[in-house]
1. Could you list, in sequence order, all residues of the range 77-109 that are in a loop (DSSP other than H, G, I, E, B) and without any contact (Cβ under 8 Å) to a residue 12 or more places away in the chain?
2. Only one residue in 74, 14, 34, 41 is at pLDDT below 85, surrounded by 10 or more Cβ atoms within 10 Å (Cβ to Cβ) and outside any helix (DSSP H, G or I). Which one?
3. Given the criteria modelled with pLDDT of 70 or more and within 30 Å of residue 106 (Cα to Cα), does residue 61 qualify?
Amino acid sequence: MTGWDILDRFIASFPPIAATILFATAAVIFIIGFTKHGFNFLKYGFKQMILDSTLEKRFDRLEEKIELIETNHFGHLKDFLTELTSILQDKDIINNAEKTRLDNHLRGM
C-alpha cells in the first residue's frame with residue numbers, strides 16, 4: 001500500500017462536497033503561502049522567520065556597543081603602557097630616547 005492509496009481512501013471517505021471544500025481550502029492556503037514565501041514555502045511552510053527592521057536595528061546597536069567596548073578597552077591598555085614606559089625610565093631600564101620612541105608608537109595606534 002502506497003501513500004497514494006491511503007490518500008485515495010481518505011478522500012473517498014468524505015462526501016463529495018466536503019472533499020471539494022477540503023481541496024479548495026488546501027489550494028487557497030498553498031497559493032497564499034507560495035505567493036508570500038516562494039519556493040521556501042515548500043521547504044519551511046509558514047514558520048519562516050522574517051528579519052524586520054527592528055531586529056536589524058538591535059543588531060546595529062549591539063555592534064556599536066561592542067566597538068565601544070573594544071575602543072575603551074584599548075584606551076585603558078594604551079594608558080597602562082604609557083605608565084609602564086614611565087616606570088621603566090624612572091628605574092633606568094630604558095633611556096629618554098627609547099621612552100619617546102615607545103610613546104610615539106603608542107600614540108600612532
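The values are calculated or read from the model by the stated rules, or taken from the named source; none is laboratory data. Fair warning: this is a prediction, and the values are worked out from it, not measured in the lab. Ideal geometry is used to build each Cβ from the backbone, glycine not excepted, and the neighbour counts take in all protein chains shown.
1. If the condition is that a residue be in a loop (DSSP other than H, G, I, E, B) and without any contact (Cβ under 8 Å) to a residue 12 or more places away in the chain, then 91, 92, 93, 94, 95, 108 are the ones that fit.
2. From the options 74, 14, 34, 41, the qualifying one is 14.
3. yes
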